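Chemist: Just passing along the structure, written as structure tokens.
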Amino acid sequence: LGLAMALQGNPDAVQAVEEYTLPLTVSGEARLLHGIHDPRHAQQLRPTWPELVKAFQAGNGDVIADIGRVGGAETPEAVLEAADVVVMVLYPTLPMVDAARPRLEVLRKVCGPSARIGLCLVNDGPYRPEEVQRALDFPLFGVLRYAKANARVLSDGAPQPLSLMGPLLLNEMAMLGWRLRKTATEVADEADRARSALTVPGSAR
């Protein structure tokens, strides 16, 4: 909420965002912007999302936004409209796949026309990744093993367990990151080609 107020009429929105982020690494290359804790504040933030998106676009580097479940009144539609890549994370179970269908339809309507929408599966369920992909008819960006203890190291700062699952999970996450970067680059290249095609030499005034 403090950032929302700081962005109002602020010509240096990028600096305002940086002041409200926390470094995740010693170098400061990766930084965290906390979300709201009280869902009742979501309505107050709705007018701020477009300004926040502009600040993200004006800054350097990639922005990864965890927006939670899609479809509610608190969904930050401005973030989805500006996204190059949107990933839905789910388990390969019948209830999750069934719940994913309407939310993926919402994403189709909200996301910009050039956005790529895909899936990431946490591999803990009875169905194979290719079955889920075929049922939902969206590309599969990655499959992560179910490693609850290792995931808690990243999400909650839990102690690192003595197992081989941690390095394997990190490798899978790295592959997912590579796929997302590659897809985002393809989206940007296509946008550049589209702009070039619209530019006719000698017609500018």
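Chemist: If you roll a 1.4 Å probe over the heavy atoms of the protein chains, what accessible area per residue do you get for the chain, in Å²?
Modeler: 68
Chemist: Restricting to DSSP loop positions (anything but H, G, I, E, B) with no more than 15 other Cβ atoms inside 10 Å of their own Cβ, which GluC sites (Glu not before Pro) remain in the stretch 42-134?
Modeler: Loop-located and lightly packed - none at all.
Chemist: First measure r as the distance between the Cβ atoms of Glu186 and Leu162, then evaluate 1/(1 + (r/R0)^6) with R0 = 35 Å and state the FRET efficiency to the nearest 0.05.
Modeler: That gives a FRET efficiency of 0.30.
Chemist: Count neighbours as other Cβ atoms within 10 Å of each site's Cβ, and list the trypsin sites (Lys or Arg not before Pro) in the stretch 1-74 that are DSSP loop with at most 16 such neighbours.
Modeler: Those satisfying the criteria are Arg69.
Chemist: Something else about it: Suppose every K and R has +1 on its Cβ and every D and E has -1 on its Cβ; what is the size of the dipole of the stretch 39-78 about the Cα centre, in Debye to the nearest 20?
Modeler: The calculated dipole for the stretch 39-78 is roughly 140 debye.
Chemist: Cross-link candidates for Lys109: which aspartates and glutamates have Cα within less than 13 Å, leaving aside residues fewer than 8 places away along the same chain?
Modeler: Glu77, Glu81
Chemist: For Lys148, list the aspartates and glutamates whose Cα falls under 16 Å from its own Cα; do not include residues on the same chain fewer than 8 positions away.
Modeler: Asp124, Asp156, Glu172
Chemist: What size of dipole, in debye to the nearest 20, comes out for the chain about its Cα centre when the only charges are +1 on Lys and Arg C-beta atoms and -1 on Asp and Glu C-beta atoms?
Modeler: 340
Chemist: Then there is this: Quote to one decimal, in nm, the extra length available between Glu19 and Ala58 on full extension: 0.36 nm per residue of separation minus the C-alpha distance between them.
Modeler: Gain on stretching Glu19 to Ala58: 12.5 nm.
Chemist: On to the next question. For Glu29 and Ile67, compute 0.36 nm times the residue count separating them, minus their Cα-Cα distance, and round to one decimal in nm.
Modeler: Extra length from Glu29 to Ile67 when fully extended: 11.5 nm.
Chemist: Just want the answer: with Cβ charges of +1 for Lys and Arg and -1 for Asp and Glu, which residue in Val132, Ala78, Ser114 is farthest toward the dipole's positive end in the stretch 37-157?
Modeler: It is Val132.
Chemist: At what distance in nm do the modelled label points of Arg152 and Asp12 sit from each other, each positioned 7 Å from its Cα along Cα→Cβ?
Modeler: 4.3
Chemist: Could you rank Tyr91, Tyr20 by how accessible they are, 1.4 Å probe, largest area first?
Modeler: From most accessible down to least: Tyr20, Tyr91.
The values are calculated or read from the model by the stated rules, or taken from the named source; none is laboratory data. The shown structure was predicted, so the numbers you read here are calculated from the model rather than taken from an experiment. As a convention, Cβ positions derive from the backbone with ideal geometry for all residues, glycine included, and neighbour counts pool all protein chains shown. Keep in mind that these areas ignore ligands, DNA and RNA; they rest on the heavy atoms of the full protein, side chains included. Shrake-Rupley method; radii C 1.70, N 1.55, O 1.52, S 1.80 Å.
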